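Values quoted throughout were computed directly from the atomic coordinates according to the rules given, and no laboratory measurement underlies them. What you are looking at is a predicted structure, and each value in this text was computed from that prediction instead of being measured. With ideal geometry, Cβ positions are generated from the backbone for all residues, glycine too; neighbour counts draw on all protein chains shown.
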Amino acid sequence: IISDIRLSSVIFVGVRLEQEFGSWRIGLVYILSAFVGSLTAALFIKNNPAVTFSGALFGLLGAMLSVLIRNWKVYSDKALLALEFLCSYALVLFV
């Protein structure tokens, strides 16, 4: 069930970012985040190799956070609510 939630999160966040930045940029962010996330996991899990997309998801969430910060004045009335949602969403996924 947890992997289904994460996969739907990747789709939800990825589609939103792809509409704003294009598929090449978001694809690059996704691939680089997945690669760095897998390398980081390999540092902590020595004897059990694992491939996950959690690093890619958090990379996309970071990109969404940067969009929110960059366009703070555009979202002036909704920015705090969006920031609260994004942080709570990331916290739930982290747990």
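Overview of results
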quantity: Nitroxide proxy distance, nm - points 7 Å out along Cα→Cβ at R70 and L7; calculated: 3.0
quantity: Virtual spin-label span in nm between E84 and A50, 7 Å along Cα→Cβ; calculated: 3.3
